[in-house]
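Novice: Pasting in a structure now, in structure tokens, and then I'll have a few things to ask.
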Amino acid sequence: MQDDQVDRNLKGTDDLDVDGWNKADWNGVFAHHHTDDVLVDWKGQEPTHGVIEHIDAMKACVQAAGGTPPRIPAHPSASDQASGPASSGNSKTAAEG
């Protein structure tokens, strides 16, 4: 049962980051993975309250970075997670190098 939850969480994270963020699908996949009342305090930026404010902040972040979201590579698989975080080098975004 716990493994099922882990698998669902990994799939949700991949959907959000790889499909929602990388493809800038703000009102589709990205919004689907956030509640209407989400509170986000992200990287020292002003906190956002609600999904619309969060999406607007992410759009502004992308515009400031040149108009294309910094690519998030696929996340480690569930089997990689079981081996520990050191087993995969895919944890950095393209912006982090």
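The values are calculated or read from the model by the stated rules, or taken from the named source; none is laboratory data. What you see is a predicted model; the values in this text were computed from it and never measured.
Let's see how each residue does on (1) among the hydroxyl-bearing types (S, T, Y); (2) part of a loop (DSSP other than H, G, I, E, B); (3) at pLDDT 95 or above:
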site: R8; (1), (2), (3): no, no, no
site: V18; (1), (2), (3): no, no, no
site: A31; (1), (2), (3): no, no, yes
site: K43; (1), (2), (3): no, yes, no
site: E46; (1), (2), (3): no, yes, no
site: T68; (1), (2), (3): yes, yes, no
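Novice: Separate question: Does D25 meet the test of being closer than 13 Å to M58 by Cα and among the acidic types (D, E)?
Specialist: yes
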